[in-house]
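Right, one structure below, let's go through it.
Each reported figure results from applying straightforward, stated rules to the coordinates on display, with no laboratory input. None of these values were measured; they are calculated from a predicted model. Neighbour counts are summed over all protein chains in view; Cβ atoms, including those assigned to glycine, are modelled from backbone coordinates with ideal geometry.
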Amino acid sequence: MSGEEVVSVDKDSEAIVRAILKMAEDRANAIRKEAEKRAKEIIESARREAEEILRSRRERAEREMREEIARKRSAAEVEANQIVLMTKSEMLREFFRRVHEKLAATADGQEPGWNYEEILTKYSLEGAKILGEKEVFLMGREKDGSLLEKVAKKLEKEGIKASVDKRTVPVIGGVVVRDSGDERRYYNTFDGRLRAYREAKEIELIGKLFEGV
Amino acid sequence: MPRLVEAIMEAEKEAAKIIQEAEEEAKRIIEEAEEEAKKIVEEAKNTPVEVAVMEDIEREVKEIVDRAKVKAEELKRVASERMSSLVDEVVREVLEGEWGGSS
């Protein structure tokens, strides 16, 4: 091999080596670039996931807070209704306690404007008429015995044979009229009248007591 | 010629090393990114979430109950004023009305 040939071979090999190394470096750069691109995608994807997680957590927290607010508001409204209802109930109870008290005082002859004997007479006549009997027995409070005797005499004048039953009834006032065989009774007591009145009129009464508030 | 072959083989060895190093670096870059991604997601899971208080519910609750208490007092006052005359009216209706009992 001549000197010229050696130089030529060296130049060729240098060019080939450079080309090989250049290709390797290009490939290495491409690998790095691809890795960086992939890394960027991974981070971006993680950021998107993180944003979604935070958004979802925020939404959940807000929903829970709204639910908590609704629960508290609803509980307050229930409590408020209870306060109002309990007051109405308390006042209604007091109202009927006073009615009861006044009826008892009427039966004891302590209410001016009311004649208990007349009331008993009216109720007894009413009872006898409704039973359609010519002979009746009158039952009332233990302390109404003598009053009922007087009522019985008044009934006699109306053509009705009336006697006072020895048995008494635990009522505020009024009378129970029965036939002679005690097969039929007519309850004309204050208690029964009040109960019937209350059943029929309580709603109207609540309106009158609390109207306008 | 053997020198050329030798030079090429050397160069290919060097090229392989360059590529291997690049692959290792790529692997490390991706692993680091994955690690960072995990951290980002974990942080999102554990960061305390602040929600703006939309309404002052405690104040509203107190107002609702207070309003009911005021109404209750007004109900008591009005009912107490009307009670006496209404009691007389009801006693009269009970005693004189058609409320006779059952037979």
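Measuring against 22 Å, Cα to Cα, the residue pairs A:Lys88/A:Lys201; A:Lys208/B:Lys71; A:Lys102/A:Lys166; A:Lys102/A:Lys153 contain A:Lys102/A:Lys166; A:Lys102/A:Lys153 as the ones spanning a longer distance. In chain A, the longest principal axis of the Cα atoms and the axis of helix A:145-157 are about 60 degrees apart. Averaged over the residues of peptide A:196-205, the number of Cβ atoms from other protein chains lying within 10 Å of each residue's Cβ is 3. When the helices of the protein assembly as shown are scored as -39500 (n - 2.57) per DSSP H run of n ≥ 4 and the total is divided over every residue, the value at 222 nm lands at -28000 deg cm²/dmol.
Other protein chain C-beta atoms within 10 Å of residue C-beta, averaged over B:33-44: 6. As a length-normalised measure over Cα pairs under 8 Å and 6 or more apart, the relative contact order of chain A settles at 14 percent. Exceeding 26 Å between C-alpha atoms, which entries from my cross-link table qualify? They are A:Lys11/B:Lys13; A:Lys122/B:Lys76; B:Lys13/B:Lys38. Among A:Lys11/B:Lys13; A:Lys122/B:Lys76; B:Lys13/B:Lys38, the Cα-Cα distance tops 26 Å for A:Lys122/B:Lys76; B:Lys13/B:Lys38. Along the range B:12-27 the Karplus relation, 6.51 cos²θ - 1.76 cosθ + 1.60 evaluated at θ = phi - 60°, assigns HN-Hα couplings of 5, 4, 5, 4, 4, 5, 4, 5, 4, 4, 5, 5, 5, 5, 4, 4 Hz to successive residues, with x for each Gly and Pro.
When the charge dipole of the protein assembly as shown is built from unit charges on Cβ atoms (+1 for Lys and Arg, -1 for Asp and Glu) and taken about the Cα centre, the candidate among B:Trp99, B:Ala72, A:Phe95 whose Cα reaches farthest toward its positive end is B:Trp99. In this label model, A:Glu149 and A:Asp182 are separated by 2.2 nm, measuring between points 7 Å along each Cα→Cβ vector. Peptide A:31-37 has a mean shielding of 6, counted as Cβ atoms of other protein chains within 10 Å of each residue's Cβ.
Return the aspartates and glutamates within reach of B:Lys17: Cα separation strictly under 14 angstrom, same-chain partners fewer than 8 residues apart disregarded; answer none if there are no such residues. The reachable aspartates and glutamates, counting only those whose Cα sits under 14 Å from B:Lys17, are A:Glu25, A:Asp26, B:Glu25. Under the combined filter of DSSP loop state and at most 15 neighbouring Cβ atoms within 10 Å, the range A:131-213 retains these GluC sites (Glu not before Pro): A:Glu158, A:Glu183, A:Glu211.
Shown is the FRET efficiency for A:Glu51 and B:Glu58, computed with R0 = 41 Å from the Cβ-Cβ distance and rounded to the nearest 0.05: 0.80. The Cβ shell under 10 Å around A:Arg193 holds other residues with a net charge of -2, Lys and Arg each +1, Asp and Glu each -1. May I ask for the angle, rounded to the nearest 10°, between helix A:190-210 and the longest principal axis of chain A, with both axes built from Cα atoms and the value confined to 0 to 90°? Between helix and principal axis, roughly 50 degrees. For chain A, the longest principal axis of the alpha carbon atoms and the long axis of helix A:3-107 meet at an angle near 10°.
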